[in-house]
Amino acid sequence: MSVDMRTFLAHVELANPITTAAGCASSGRELAQFFDLHRLGALATRSITMAPRAGRPTPRMAETPSGMLNAVGLQGPGIDAFLERELPWLAQRGIRTIVSIGGGTVAEYSELARRLADAPGVTALEVNLSCPNIEDRGRVFAREGSAAAEVIASVRSIMRYDVPVVAKLAPDVADIVSVARACVDAGADALSMINNPLGMAIDTEALRPALAAVTGGLSGPAVLPLAVRCVWQVHAALPGVPLIGVGGVMTGRDAFQLILAGACAVGVGTALFHDPYACLRIERELEDLLEARGFQRLADAVGLAHRPPGSAPRHLLVDSEESSP
Amino acid sequence: MQVTGTVLTTRRVDAYHALTVVAPGIAERHRPGHFVSVAVGGARTSMITRRALTVHDVKPDYGGTVELVFTVRGPGTAWLAERRARDTLDLVGPLGRPFPLPRDPVHCVLVGAEYGSAVLFPVADALLERGCRVDFLLGGAGAERVFGAMRARRMAETTTLTTEDGSLGLRGKVTDALPSVIADTRADVVYACGPMETLRAVTAVAIEFDIPVQVAVEEAMACGIGVCMTCVIPVIGDDGVTRMVRACAEGPVFRGERVRFEDVGTIPFDALGAPGGGARHAG
């Protein structure tokens, strides 16, 4: 018996819950050398900006305990080249694509949404809210519910109704639930969390910061508990909102934690740097874990860890149902 | 492709380490200049980025072996140095773009500094097969850091060695000896690998002699497959536009004169998408 791994991102059905995390699959072609991208639930693109971006100077990466810091600075081709070369390549192959966008102003996000509204091949639009707001002294949109909501409301009003708008939230905020609620109230169809929290490492040989940009986003297994906590809190507050759990997922068991905390899809990022086949392996491991616990459908496990204390473990329930004459 | 390779032999080569790994699939697809990446630390490791390693030799034995050369720089490469015969390694490769090889039997100078020399030996094999003349110029800080001098002597028409402390060959850097090597061998093309500063100087010499130079860069990478975007260097494209390109995917081999060595570690102001050059916000 195999487990029904289908999941829904708002009304969009994905064949399985494993997606790449934004910014970790480049244009898609790189991973296609290793496996058939159709086997992903969806591929999330890097955050596309209006203009091409050269990104940050090197060094951009530093390995840290069970993780790494990155300061890539949204290097990317810009929306024109993306629509000309990258999205059509994915669309022609029928690969489910979550397009991530990043901007410095509400107007820039809106313009990106306008450019993408009629582009074929956009399964969902993910709004990277961890970009500095140049109209608010460079504070990131995700830090404040009102700034995030303004972006989401504008993007939602522009995108076609059948393309879900996903708000990507940052964990290093005072109250992630209030930012999540503000995004949902502004029209977000789903939420993705977490983006990289900021971290820093110092090179003890050179006696200066390890990254040229000084600080960088922390990713890898080190942030998994942070992601589980954020997904848990937001699912508890907004149980009806589809969540994409992202952050440090290296194994099927990690993904299962996020599912049990309330995620209906799971993004895999840094694991791809370690293992190009990580998404397929994690999907298989997750399916095995679900099957071993008697689940017939992934959907039955979503948020299950929230059940009240004292209630029976679900898999035992299923077993007894099956074994009763 | 990803394979679980079995370590066949390990050896010390002066200051460096070499692992011969049975890696079918990788060995047969390997072209000179390709590299492989290896996961370090074992299954439950806290080290999550892969290490990009130079391939020194490829053999068809046991279904295909690759010999990987590295120096211990941190805990990841220290773990690799502790591998013994029959240990397994998680390898991905071959990665990157290989060296373009000339069609005609031309004269080639192969310049290597430190363990960067290792990548030049598969190049030399391929060049000799094509009837090219091969001359080696190898250098390092001291005698124990000049990689492959013996093997170079066996393969090449001439081999010139340099050390900065004068303990082997000529005192100085490879680039001090390069002009005379190019002149003596009437070289048509230069192949080089080593630290960025060496490649910059080698390229400057080749430009002076007006001969093409192919360089393989050594840049820190997390993934090696083109998805992490951390190994970028400024390179001038065919259209004259400078782009921040990935050393792993667009490289590691570049035409030397296309690499803006002086600007490595920066975003040149005229690079495509540089701050102020069109991008409207700094992120």
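The values are calculated or read from the model by the stated rules, or taken from the named source; none is laboratory data. All values derive from a computational prediction rather than experimental measurement. All Cβ positions, even for glycine, are placed from backbone atoms using ideal geometry, and neighbour counts span all protein chains on display.
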* strands (runs of 3 or more DSSP E) completely within the stretch B:219-264 that count 1 or more residues being within 9 Å of chain A (Cβ to nearest Cβ) -> B:232-236, B:242-246
* **Top-ranked residue of the stretch A:54-76 - restricted to ones that are of a type in the set (S, T, N, Q) and within 20 Å of B:VAL40 (Cα to Cα), ranked as nearest to the other protein chains (Cβ to nearest Cβ)** => A:SER66
* When the stretch A:192-250 is examined, which residues are found to be in a helix (DSSP H, G or I) and either within 12 Å of chain B (Cβ to nearest Cβ) or crowded, with 20+ Cβ neighbours inside 10 Å (or both)? -> A:PRO221, A:ALA222, A:VAL223, A:LEU224, A:ALA227, A:VAL228, A:CYS230, A:VAL231, A:TRP232, A:VAL234, A:HIS235
* A:THR49 vs. criteria facing chain B (nearest Cβ under 10 Å) and out of contact with any Phe, Trp or Tyr (no Cβ under 7 Å at 6 or more places or on another chain) -> yes
* Return yes or no: is B:THR71 out of contact with any His (no Cβ under 9 Å at 6 or more places or on another chain), within 22 Å of B:ALA149 (Cα to Cα) and among the polar types (S, T, N, Q)? => no
* Structure fact -> A:ARG253: passes all of (1) part of a loop (DSSP other than H, G, I, E, B); (2) farther than 29 Å from B:VAL232 by Cα; (3) within 14 Å of another protein chain (Cβ to nearest Cβ) but (1)
* Filter result for the condition that a residue is touching a Lys or Arg at 6+ places or on another chain (Cβ under 8 Å) and either surrounded by fewer than 18 Cβ atoms within 10 Å (Cβ to Cβ) or closer than 25 Å to A:ALA227 by Cα (or both), over A:ALA124, A:ALA119, A:ALA142 -> A:ALA142
* **Boolean, B:ARG200 is more than 9 Å from chain A (Cβ to nearest Cβ) and either within 16 Å of the chain's Cα centre (by Cα) or at pLDDT below 95 (or both)** => yes
* Could you please find all residues in the stretch B:154-168 being farther than 25 Å from B:VAL72 by Cα, in contact (Cβ under 8 Å) with a residue 12 or more places away in the chain and not in a strand (DSSP E or B)? => B:MET155, B:ALA156, B:GLU157
* Asked: Are any residues in the stretch B:11-27 within 16 Å of B:LEU91 (Cα to Cα) and either within 20 Å of the chain's Cα centre (by Cα) or polar (S, T, N, Q) (or both), and if so, which ones?
  -> B:ALA18, B:LEU19, B:THR20, B:VAL21, B:ALA23, B:ILE26, B:ALA27
* For the subset of the stretch B:89-114 comprising residues that are in a loop (DSSP other than H, G, I, E, B) and closer than 13 Å to B:PRO212 by Cα, which member is nearest to the chain's Cα centre (by Cα)? -> B:PHE99
* Among the residues of the stretch B:265-280, write down those that are modelled with pLDDT under 90 and within 7 Å of another protein chain (Cβ to nearest Cβ). => B:GLY278, B:ALA279, B:ARG280
* Structure fact -> Of (1) acidic (Asp, Glu); (2) within 16 Å of the chain's Cα centre (by Cα); (3) surrounded by fewer than 20 Cβ atoms within 10 Å (Cβ to Cβ), A:ASP254 fails just (3)
* Among the residues of the stretch B:37-72, how many are among the hydrophobic types (A, V, I, L, M, F, W, C), closer than 21 Å to B:CYS228 by Cα and more than 13 Å from chain A (Cβ to nearest Cβ)? -> 1
* When residues of the stretch A:1-56 are limited to those that are without any contact (Cβ under 8 Å) to a residue 60 or more places away in the chain, in a strand (DSSP E or B) and not basic (Lys, Arg), the one surrounded by the fewest Cβ atoms within 10 Å (Cβ to Cβ) -> A:GLU13
